[in-house]
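Single-structure report; data block below.
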Amino acid sequence: MVQLILESLFNGIAIGSVLLIAALGLAIVFGLMGVINLAHGELMMLGAYSTYVTQLVFKLPALKPFYNSYVIVSLMVAFLVAAVVGILLERSIIRRLYGSPLETLLATWGVSLILQQFVRSVPLAYASGIIIALLIGLIVPLIVPHDLLSHRRNRLIKVGSLGGSVLVGLLSANWLSTSISRLGRASARNVDVTAPSWMRGGLDLWGITFPVTRLVIIVITIIAVISVTWFLKQSVWGMRIRAVTQNREMSECLGISTKKVDVLTFGIGSGLAGVAGVAVSLLGSVGPNVGGSYIVGCFMVVVLGGVGNLLGTIIASFAIGIMTDLIGAGRLLSIWPDMPSPLASTVDFFATTSMARVLVFALIVVFLQFRPSGLFPQKGRMVES
Amino acid sequence: MKKTLINRRLFPLIIWITIIASIIAAPSLLPVFRLNLLGRYLSLAIVALGIDLIWGFTGLLSLGQGIFFALGGYCAAMFLQLNSSANLPNGIPEFFGLYGIQSLPFFWEPFKSPLFTFVGIWLIPSLVAALLGFLVFRNRIKGVYFSILTQAALLVFFNFFNGQQKLINGTNGLKTDVTELFGQMVGSDSMQRMFFWITALLVVFAWFFARWIVYDRFGNILKGIRDDESRVRFTGYNTTIFKTIVFAIAGGLAGISGALYTVQSGIVSPQFMTVPFSIEMVIWVAVGGRGTLLGAILGAVMINYAKSLVSEALPASWMFIQGGLFILVVTVLPEGVLGWLQSDGPRNLLSRLGVSRPLSTYPGLEEKSHDEVRL
């Protein structure tokens, strides 16, 4: 009995932690900035694909001895890839649309369509090349000393760094496509990320088998949550982010660069989507549509938890995870075998993954009838407009 | 001022004449395949009109119109399946046999009657919409939260219809093209021609209906809700009721549209309830011009026609074009093509090109007073 409940709890937490890591970035972007980013799922997809590319790179003879640690490297790679694409997205499109969330929603949906087709029709080697070029192009202006940039010939340096980053991107794309032939062709087919040997199998404790992949995802989620909380509460930039969230005009008056804060917030939110992509790639095959199946669930988590509240997001995702598992796997019946028959047949009716989703979403809608702004609503009085 | 007056009065008239002329000419000019496609796109124009009512005029962006669209389609398909399964074993549609079902599920029963079906096609979706809308609007959930909730509701319905093999044939959907109506195959050329006419007529009806709604005081309240809901509420109107009614109307229009689309495409399946399809519907309205009823119709037909042409020629590029359209419309043309043409868009373009003419009076004061509703 205890074992059954424990197993159910573990499964629920496992489902919930995938939801949480996926929703964490969204909670930042949507909760703090009020930006609806429907391309969040596609940023996850990019993270998953970068895991795949990292894995293939680690299969090359030079890196073969370190193959087992590719997951850790791919976490960073995925964060960077998704963050770069997210920053590009913010600077090019979303910046024009602050204050009109419905328009942002439509524009980011357009972005997500483009990203999906991009992955299908551009070979992964060249996609990586583009991203590497973008990454260098974005980082160089940050590293170059200030007096160099304020120099008379700063334009020359800018053009030089741009050309350099494009060159590096091209070279790396070329190198990737020649050394790993699989990356040189565009394909719409799903790819598989194989977990390293230490992540296969399970851990036996108290007569229950815990799959190591699930445990790793839970650990990744915990680390991500702790570092995000630390960043927002303790660091200087986190404080600035919170200040801008509370009162944009006032923060600007006090000398906080809201532009930088916007870029940073969006970059971190997107980067977390990339990390979620790593987690997702460990669970199943990776395809252009992999992110789309998570996005609605993520939004439900954020809405249920209360917008702009990390604790609410955490509780909501675990609640949804545990409920999905309880209903979907029909565990209620095995926990309580002699249920009265009409109830039992109802439970049986919902005991599939898709029907569990139906019931969970319906329950969320019912819950929102009583608490329209989620578990932890934002305090204070404001005129809704 | 004369020039803009001509623009505003004559321009929609010209478009209407073109539309009606092409609808009348289409059956004799186009091959049956193209005619069928045009008929489908015209039926999609009806759901676009509904979206224009709730989004363009009331400011509610629903990403779940696919629910009502598919419900209408299922109503029609269930009736057609029952209508032509009298000679089959047990007198029930064939697919039930695959899952070992002997008797008809209870909710299929009323669809034996044509009258119930004709009413149900629009009444059932609008009742579902009214219920869903009431639950959401009652709590003053609005803006993006409304959009997210409708999307979640869409996913709920999709999962339900997709998972229930034994009730409605699950992911395979219900076929209608091999069923019979009035002793003829629904998929036959003559029937398809007839459906085209019915669709064309209903589009015009739906347009008149929508225009009647937005032209009246009711429409003014809708626009008030769009522009400043709190103020409308403080003036003493119960905005929940108005929003529920208009959402139900849009749901009913979506149901009619879905039924017409189903009989012309030959199948209804949970694919009608996927997330991308419902967002696509929004972009038809956005490109055509939200807040302009004609724009919704034109947007739906034109974009779908372009989609089929592009997908035939370059299958991979449509997603890029569609994604680009989303971004372009939102950032550059927020009023849509027709809205841009009817507002000062052309004149702004002219003045930007350096061929502008000086304004004689403060812009827009004269016409706006007696012509609040744009076509």
Matching residues in the range A:120-162 (assigned to a loop (DSSP other than H, G, I, E, B) and either modelled with pLDDT under 70 or in contact with an Asp or Glu (Cβ under 8 Å, 6 or more places away or on another chain) (or both)) number 6
When residues of the range A:84-117 are limited to those that are more than 10 Å from every other protein chain (Cβ to nearest Cβ) and not in a helix (DSSP H, G or I), the one modelled with the lowest pLDDT
A:Gly99
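Looking at the range A:118-126, is at least one residue within 14 Å of chain B (Cβ to nearest Cβ), open to solvent by 40 Å² or more (accessible area, probe 1.4 Å) and in contact (Cβ under 8 Å) with a residue 40 or more places away in the chain? Spell out how you get there, then give the answer.
First, the residues of the range A:118-126 that are within 14 Å of chain B (Cβ to nearest Cβ): A:118-123.
With the extra rule that they be open to solvent by 40 Å² or more (accessible area, probe 1.4 Å), the set shrinks to A:118, A:120-121.
After this cut, where a residue has to be in contact (Cβ under 8 Å) with a residue 40 or more places away in the chain as well, the list is A:120-121.
Yes: one or more hits.
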Please work out if A:Val81 is surrounded by 22 or more Cβ atoms within 10 Å (Cβ to Cβ), within 30 Å of A:Ala195 (Cα to Cα), modelled with pLDDT of 80 or more and more than 10 Å from chain B (Cβ to nearest Cβ).
yes
Quick one: B:Tyr305 ticks every box in (1) modelled with pLDDT of 90 or more; (2) surrounded by fewer than 24 Cβ atoms within 10 Å (Cβ to Cβ) except a single one, so which number is it?
(1)
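Please specify each residue of the range A:372-385 satisfying the condition of being more than 9 Å from chain B (Cβ to nearest Cβ) and either at pLDDT 70 or above or in contact with a strand residue (DSSP E or B) (Cβ under 7 Å, 6 or more places away or on another chain) (or both).
Within the range A:372-385, A:Gly374, A:Leu375, A:Phe376, A:Pro377 meet the criteria.
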Which members of the range B:308-331 meet the condition of being surrounded by 24 or more Cβ atoms within 10 Å (Cβ to Cβ) and more than 25 Å from B:Ala70 (Cβ to Cβ)?
B:Val329, B:Val330
Can you find a residue that is within 12 Å of chain B (Cβ to nearest Cβ), surrounded by 18 or more Cβ atoms within 10 Å (Cβ to Cβ) and not in a helix (DSSP H, G or I) anywhere in the range A:313-325?
no
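Can you tell which of A:Val307, A:Val286, A:Val302 is open to solvent by less than 20 Å² (accessible area, probe 1.4 Å) and within 11 Å of chain B (Cβ to nearest Cβ)? Please lay out each step first, then the result.
Details: A:Val307 fails: open to solvent by less than 20 Å² (accessible area, probe 1.4 Å); A:Val286 fails: within 11 Å of chain B (Cβ to nearest Cβ).
Result of the check over A:Val307, A:Val286, A:Val302: A:Val302.
Condition first: among the charged types (D, E, K, R) and open to solvent by less than 20 Å² (accessible area, probe 1.4 Å). Can you find one or more residues in the range B:196-213 that meet it? Steps first, answer last, please.
In the first step, residues of the range B:196-213 are kept if they are among the charged types (D, E, K, R); the result is B:211.
From the residues that got through so far, the ones that are open to solvent by less than 20 Å² (accessible area, probe 1.4 Å) too are none.
There is no residue in the range B:196-213 that is among the charged types (D, E, K, R) and open to solvent by less than 20 Å² (accessible area, probe 1.4 Å).
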Residue check: is A:Thr209 surrounded by fewer than 18 Cβ atoms within 10 Å (Cβ to Cβ) and in contact with a strand residue (DSSP E or B) (Cβ under 9 Å, 6 or more places away or on another chain)?
yes
Answer yes or no: is there a residue in the range B:240-252 that is out of contact with any Ser or Thr (no Cβ under 7 Å at 6 or more places or on another chain), assigned to a helix (DSSP H, G or I), open to solvent by less than 10 Å² (accessible area, probe 1.4 Å) and farther than 25 Å from B:Gly336 by Cβ.
no
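Output yes when any residue across the range B:55-73 is more than 30 Å from B:Phe218 (Cβ to Cβ) and open to solvent by less than 30 Å² (accessible area, probe 1.4 Å), and no when none is.
If we filter the range B:55-73 for residues that are more than 30 Å from B:Phe218 (Cβ to Cβ), which is where we start, we get none.
Scanning the range B:55-73, I find no residue that is more than 30 Å from B:Phe218 (Cβ to Cβ) and open to solvent by less than 30 Å² (accessible area, probe 1.4 Å), so the answer is no.
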Given (1) within 14 Å of another protein chain (Cβ to nearest Cβ); (2) open to solvent by less than 30 Å² (accessible area, probe 1.4 Å); (3) farther than 28 Å from B:Ile225 by Cα, number of the condition B:Ile121 does not satisfy:
(1)
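Residue-wise test of (1) free of Cβ contacts under 8 Å to residues at least 12 places away in the same chain; (2) among the aromatic types (Phe, Trp, Tyr); (3) more than 12 Å from chain A (Cβ to nearest Cβ).
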{"position": "B:Gly288", "(1), (2), (3)": "no, no, yes"}
{"position": "B:Thr292", "(1), (2), (3)": "no, no, yes"}
{"position": "B:Ala296", "(1), (2), (3)": "no, no, yes"}
{"position": "B:Gly299", "(1), (2), (3)": "no, no, yes"}
{"position": "B:Ser311", "(1), (2), (3)": "yes, no, yes"}
{"position": "B:Ala316", "(1), (2), (3)": "yes, no, no"}
{"position": "B:Phe320", "(1), (2), (3)": "yes, yes, no"}
{"position": "B:Thr331", "(1), (2), (3)": "yes, no, no"}
{"position": "B:Leu338", "(1), (2), (3)": "no, no, yes"}
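Per-residue answers, yes or no, for (1) open to solvent by 60 Å² or more (accessible area, probe 1.4 Å); (2) within 14 Å of chain A (Cβ to nearest Cβ); (3) of a type outside the set (S, T, N, Q):
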residue: B:Leu149; (1), (2), (3): no, yes, yes
residue: B:Gln164; (1), (2), (3): no, yes, no
residue: B:Gly173; (1), (2), (3): no, no, yes
residue: B:Met185; (1), (2), (3): yes, no, yes
residue: B:Ser188; (1), (2), (3): no, no, no
residue: B:Arg193; (1), (2), (3): yes, no, yes
Filter the range A:32-44 for residues that are open to solvent by 10 Å² or more (accessible area, probe 1.4 Å) and assigned to a helix (DSSP H, G or I) and give the result.
A:Leu32, A:Met33
Could you list, in sequence order, the residues of the range A:340-358 that are at the interface with chain B (Cβ under 9 Å from one of its Cβ atoms), open to solvent by 50 Å² or more (accessible area, probe 1.4 Å) and either part of a helix (DSSP H, G or I) or closer than 13 Å to B:Leu155 by Cα (or both)?
A:Thr353, A:Arg357
Check A:Val57, A:Val29 and return the single one that is surrounded by fewer than 24 Cβ atoms within 10 Å (Cβ to Cβ), at pLDDT 80 or above, in a helix (DSSP H, G or I) and of a type in the set (Val, Ile, Thr).
A:Val57
Given the conditions (1) more than 14 Å from chain A (Cβ to nearest Cβ); (2) under 25 Å from the mean Cα position of the chain (by Cα); (3) in a helix (DSSP H, G or I), which single one is not true for B:Trp108?
(2)
Conditions (1) more than 21 Å from B:Tyr261 (Cα to Cα); (2) within 14 Å of another protein chain (Cβ to nearest Cβ) -> B:Phe157 fails only (1)
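Considering only residues that are closer than 30 Å to A:Gly306 by Cβ and either in contact (Cβ under 8 Å) with a residue 40 or more places away in the chain or touching a Ser or Thr at 6+ places or on another chain (Cβ under 6 Å) (or both), which ones fall in the range A:319-334?
Initially, the range A:319-334 is screened for residues closer than 30 Å to A:Gly306 by Cβ, giving A:319-329, A:331-332.
A:Ala319, A:Ile320, A:Gly321, A:Ile322, A:Met323, A:Thr324, A:Asp325, A:Leu326, A:Gly328, A:Ala329, A:Arg331 - these are the residues of the range A:319-334 that are closer than 30 Å to A:Gly306 by Cβ and either in contact (Cβ under 8 Å) with a residue 40 or more places away in the chain or touching a Ser or Thr at 6+ places or on another chain (Cβ under 6 Å) (or both).
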Qualifying residue in the range A:176-188 (condition: closer than 25 Å to A:Val290 by Cβ, open to solvent by less than 50 Å² (accessible area, probe 1.4 Å) and of a type in the set (Val, Ile, Thr))
yes
Which ones in the range B:124-139 are at the interface with chain A (Cβ under 8 Å from one of its Cβ atoms) and without any contact (Cβ under 8 Å) to a residue 12 or more places away in the chain?
B:Leu135, B:Asn139
Tell me which residues, restricted to the range B:271-321, are in a helix (DSSP H, G or I) and small (Gly, Ala, Ser).
B:Ser278, B:Ala286, B:Gly288, B:Gly295, B:Ala296, B:Gly299, B:Ala300, B:Ala306, B:Ser308, B:Ser311, B:Ala313, B:Ser317
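The values are calculated or read from the model by the stated rules, or taken from the named source; none is laboratory data. What you are looking at is a predicted structure, and each value in this text was computed from that prediction instead of being measured. Every residue, glycine among them, receives a Cβ derived from its backbone with ideal geometry; neighbour counts consider all protein chains shown. What goes into the accessible areas is simple: the full protein's heavy atoms, side chains included, and nothing from ligands, DNA or RNA. Shrake-Rupley method; radii C 1.70, N 1.55, O 1.52, S 1.80 Å.
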